[in-house]
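For reference, the structure is listed below as structure tokens.
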């Protein structure tokens, strides 16, 4: 159980266009979803945290107007990179968690990632 | 600024040996500690988590936590070539994870 999917798995776009990435929890309801970005040989950097039905909380330095996050349902969150530029090329990974578990920490289940290349 | 530090490696070990991976963290309020394995081009997969000081064993893997020293380690016994990957240490306070840059492990046949 606890499967998270992302679509698309990779995308190539021209500079200035917008790209939407979907993150879905397939077999559980995700109360919280997280969006990470990973540059080559770097760590996963948290971009934002989103809770279903409310506005996302962005990490310091992440432009909320550039990276639009929508968490409209308990199984779907989307990240839209607006007016993408080559420096936005990266590996974008989502994760999802649910509430009500016994663990002190709600385990994050990671999606397979989306490789974005902006030309 | 919360920081998680790892030696980037690569750490090279022969097949069958013990691989020892280390991690230090700066936030004394960290509550949970995780080791993830990440293959190139893939997303991370959870290997182990630990909350309490001491050792936790799961198969070939042993996680060690020393909160006083702000230190977490992962031992991999009987290393296999398939263990070759980047190992990410992550710490959590409340619901968010802070990752280290990872240590690349290379297990040679």
Worksheet item: Plugging the Kirkwood radius over Cα pairs into Stokes-Einstein for the stretch B:49-109, at a temperature of 10 °C and a viscosity of 1.306 mPa s, what D comes out in µm²/s?
Response: 123
Fill in: Normalised contact order of chain B, rounded percent, pairs of Cα under 8 Å and 6 or more residues apart
38
Worksheet item: Give or take rounding to whole Å, what are the principal axis extents of the alpha carbon atoms in the stretch A:16-119, in descending order?
Response: 44, 29, 26
Worksheet item: How much length is gained on full extension from residue A:76 to residue A:26, taking 0.36 nm per residue of separation minus their Cα-Cα distance?
Response: 17.1 nm
Worksheet entry | residue A:65 paired with residue B:27, simple spin-label distance in nm, labels 7 Å along Cα-to-beta-carbon | 2.9
Worksheet item: Of the residues A:95, A:43, A:25, which exhibits the maximal mean-square fluctuation in a Gaussian network model of chain A defined by a 10 Å Cα contact cut-off?
Response: A:43
Discussion item. Could you tell me what a quarter of the Cα convex hull surface of chain B works out to, in nm² with one decimal place?
Written reply: 6.5
Practice prompt. Determine the distance separating the Cα centre of the stretch A:63-95 from the Cα centre of the stretch B:73-101; give it in Å without decimals.
Written response: 26
Worksheet entry | For the protein assembly as shown, average projected area of the Cα convex hull in nm² | 12.5
Worksheet entry | Where the Cα pairs of the stretch A:5-76 fall when distances are cut into 10 Å bins, in % | 17, 48, 32, 3
Worksheet item: So what's the Cα pair-distance distribution over the stretch B:1-43, bin width 10 Å, in %?
Response: 18, 45, 31, 6
Response to the item:
Highest GNM mean-square fluctuation among A:23, A:94, A:13, for chain A with Cα springs under 10 Å, belongs to A:13
Worksheet item: Say we join alpha carbon atoms closer than 10 Å with springs in a Gaussian network model of chain A; which of A:97, A:17, A:49 then has the biggest fluctuation?
Response: A:17
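All of the numbers you see were taken from the coordinates with simple rules; none came from a lab. Here the structure is a predicted model, which means the values were calculated and not measured. FYI the Cβ positions are ideal-geometry reconstructions off the backbone, even for glycines, and counts take in every protein chain you see.
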